[in-house]
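Rule-based calculations on the coordinates, nothing more; no lab input. What you are looking at is a predicted structure, and each value in this text was computed from that prediction instead of being measured. Note that each Cβ is placed from the backbone with ideal geometry, even for glycine, and that neighbours are counted across all protein chains shown.
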Amino acid sequence: MFDLQKITFGYPGTPIFADFSWQVQRGEAWSVLGPSGCGKSTLLYLLSGLRSPQQGTLLLDNQQLAGPRPRTGLILQDYGLLPWATAVKNICLGLAIRDFYGPDGKHAPADFLAEEQQEKISYWIKRLRLEPHLQKYPGQLSGGQRQRVAIARTLALDPDLLLMDEPFAALDAPTRAGLQDIIIELSQEQGLTLLIVTHSIEEAAVMGEKILLLHEPPIRETTVISNPQASTPGFRETAVYFAMCSQLRRCLGG
């Protein structure tokens, strides 16, 4: 799905990637793990089309990525909800934007039909157990409820790629684990390609069947750890999970 070929990107006075190459196949689940400031979020912005490489080539499905695409879902740590809109209006926001532009292939897929998307919104509201909270505003919702609203809004738009930037960092441990399990289950059901950026070793071990390790920039080399059992039920309770956490900690120098 993604093919990064010797990309270079940085901010003024701060190089992040230098001749960096990496590949992601369709349907894979990846965690991107590293310390704060190592370029994790920058990598996600490049993959989403919100940033462009300064050198090199970034291909998505063998086509150069020229900007954001309608089938890429992006979920951020701060939820991205409009504080003056109810939960249901926040969930419907993406549909409203697509309906405004129509199926132009840029803001909405060429096969976009508002009626079908409305049915998907209803489905995800029920699936994520949001019916009791639809008329509440974000300030009246818990962190887990706000994140479920953001997830429903994204999945209702039928993405094939889901990018998540520290989406559970501000949540308590039980809520975080519950939402991690939901994302794993839903991404498998929908056949999504999943990339989650995190600084949590435990989260990386749970979410990523492959784990990309980033160290201090400028980043030139690709360090990938295979973690094929990550998506299996009860993985958190296995010896393999604890061994993976220990391996990641050693790789990060901890």
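Structural remarks
- Just so you know, the Rg over Rh for the stretch 79-158 is 0.98, from Cα atoms, with Rh as the Kirkwood radius.
- Taken over the chain, lysine pairs spaced eight or more positions apart, or on distinct chains, with alpha carbons under 23 Å apart number 10.
- Note on the chain: Rg/Rh from Cα positions, Kirkwood definition for Rh, rounded to two decimals, is 0.96.
- Taking every alpha-carbon pair under 8 Å whose residues sit at least 6 apart, the stretch 79-158 reaches a relative contact order of 48 percent.
- Measuring max minus min along each principal axis, the C-alpha atoms of the stretch 165-254 give extents of 35, 27, 26 Å (largest first).
- Distant-in-sequence amide H partners of Thr223 (H built 1.01 Å from N, under 5 Å): Leu213
- In summary, the stretch 4-97 shows an alpha-carbon radius of gyration equal to 1.26 times the 2.2 N^0.38 Å reference for compact globular proteins.
- Neighbour counts of C-beta atoms inside 10 Å place Ser48, Ser226 in the sequence Ser226, Ser48, starting with the fewest.
- A cut-off under 11 angstrom between Cβ atoms defines the neighbours of Gly67, and their net charge, with Lys, Arg +1 and Asp, Glu -1, is +3.
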